[in-house]
Amino acid sequence: MDALSATFAALADPTRRSILAHLARGEATVNELAAPYAMSLPSVSRHLKVLEKAGLVTKGRSAQWRPCRLEVTPLQSVDAWMAPYRAFFEHRFDRLEERLKTMVAEREAGFTKPAAATEPSHRVNAELTDIDAGESGPPQQSKER
Amino acid sequence: MATHALERGFTLKRVLDAPRDLVFQAWTDPECLQWFFNDRMATPSDPIVVDLRVGGEWRQKMIIRDDLEFFTGGIYREIVPVERLVFTWGAVGGWPPIDRDHPENDLVVTVTLHALGESTEMVFHLAMPAHLSDERVREWLAMGIRDGWSETLDRLVASLNGAAPAGAQ
């Protein structure tokens, strides 16, 4: 299993996510982590092993308590992995904002269209090509990249 | 730290300067959905199709290059006019691919609209099933990245990730 798959597998469990949420507030011992769950120590240790294997948690070496600590690098990889999906919509929402400007303007000008009007249309409306050139328009195509 | 994803999925919020019936219309009226196109593409001759009922499809074609185009859109799961729209994101035979025989693999989008006076807070959530194989998701991702805005993505990934390259071990 590659690193990202291991991260996702580790994150796919609600108890482990809540352990990570706890560790996001600071280091904690296994005992402290087990306290809120009324869970046996071995059971918490098993979850911690999965998290350690995925690189999400490390344990201190010197201290007798061996406090557990959250490692953010794998989470950053998850964010990066998600980024294109996020970007797909972020980018489109910029255009939605532009579209809504014209819709609001049309309504104010009296071209009211009832919100419930949703009959499928076969007309392709090219009016948005103008808006594309607007202030939040597309990034310039750059050949050198 | 709390901003890092602990689940497969993410939430985006926007306050839009329009009443929510218009925002809902922008999501569901085929005459208003041009904003969803790739803005660098050629205009497709295929019409945007919206069948606004549960189980109905919304389809529109993305043209990326002369030799690369695909359908996207969704299949509606829940429709509460002006408040809430839930759909499986993608298209049968499109991107992301929807397999009607395997709804457990669906990427589910929930758009919730809250009225803020004459404005609207739009909360967008994309949920991905945790069990999806990584290989599968990578395939989708590879296709999505071709969607003509790789520079934007590069910038975004760089800003999210600091110095660490995307997908770093």
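For (1) at pLDDT 85 or above; (2) surrounded by fewer than 16 Cβ atoms within 10 Å (Cβ to Cβ); (3) within 19 Å of residue A:88 (Cα to Cα), each residue gets a yes or a no:
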residue	(1), (2), (3)
B:24	yes, no, no
B:43	no, yes, yes
B:65	no, yes, yes
B:89	yes, no, yes
B:126	yes, no, yes
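Check B:148, B:162, B:144 and return the single one that is modelled with pLDDT under 65, open to solvent by less than 20 Å² (accessible area, probe 1.4 Å) and closer than 20 Å to residue A:84 by Cα.
On the way: B:148 fails: open to solvent by less than 20 Å² (accessible area, probe 1.4 Å); B:162 fails: open to solvent by less than 20 Å² (accessible area, probe 1.4 Å).
Residue meeting the stated conditions: B:144.
Residue by residue through the range B:101-114, note down the ones that are out of contact with any strand residue (DSSP E or B) (no Cβ under 8 Å at 6 or more places or on another chain) and open to solvent by 60 Å² or more (accessible area, probe 1.4 Å). Steps first, please.
To start, the set of residues in the range B:101-114 that are out of contact with any strand residue (DSSP E or B) (no Cβ under 8 Å at 6 or more places or on another chain) comprises B:101-102, B:104-105.
Within the range B:101-114, B:101, B:102, B:104 qualify.
Tell me which of these residue B:69 doesn't satisfy, since it passes every other one: (1) under 17 Å from the mean Cα position of the chain (by Cα); (2) open to solvent by less than 30 Å² (accessible area, probe 1.4 Å); (3) farther than 19 Å from residue A:89 by Cβ; (4) more than 10 Å from chain A (Cβ to nearest Cβ).
(2)
Are there helices (runs of 4 or more DSSP H) fully within the range A:1-56 with at least 1 residues that are surrounded by 20 or more Cβ atoms within 10 Å (Cβ to Cβ) and touching a strand residue (DSSP E or B) at 6+ places or on another chain (Cβ under 6 Å)? List them. Walk me through how you get there before you give the answer.
Values: elements: A:3-11, A:14-24, A:30-34, A:41-53.
Counting at least 1 such residues, we get A:14-24, A:41-53.
List pairs: first in the range B:100-123 and part of a loop (DSSP other than H, G, I, E, B), second open to solvent by 30 Å² or more (accessible area, probe 1.4 Å) and charged (D, E, K, R), Cβ under 8 Å, 6+ apart or cross-chain?
B:118/B:17
Counting only residues that are assigned to a helix (DSSP H, G or I) and open to solvent by 30 Å² or more (accessible area, probe 1.4 Å), how many does the range A:57-86 have? So that I can check it myself, show each step before the final result.
Looking only at the range A:57-86, we keep the residues that are assigned to a helix (DSSP H, G or I), and these are A:73-86.
Filter once more, keeping what is open to solvent by 30 Å² or more (accessible area, probe 1.4 Å): A:73, A:76, A:86.
Total satisfying the criteria: 3.
The values are calculated or read from the model by the stated rules, or taken from the named source; none is laboratory data. Note that this is a predicted model, so its numbers are computed, not measured. We place every Cβ from the backbone using ideal geometry, glycine too, and count neighbours over all the protein chains shown. The area values use the complete protein model at the heavy-atom level, side chains included, leaving out ligands, DNA and RNA. Shrake-Rupley method; radii C 1.70, N 1.55, O 1.52, S 1.80 Å.
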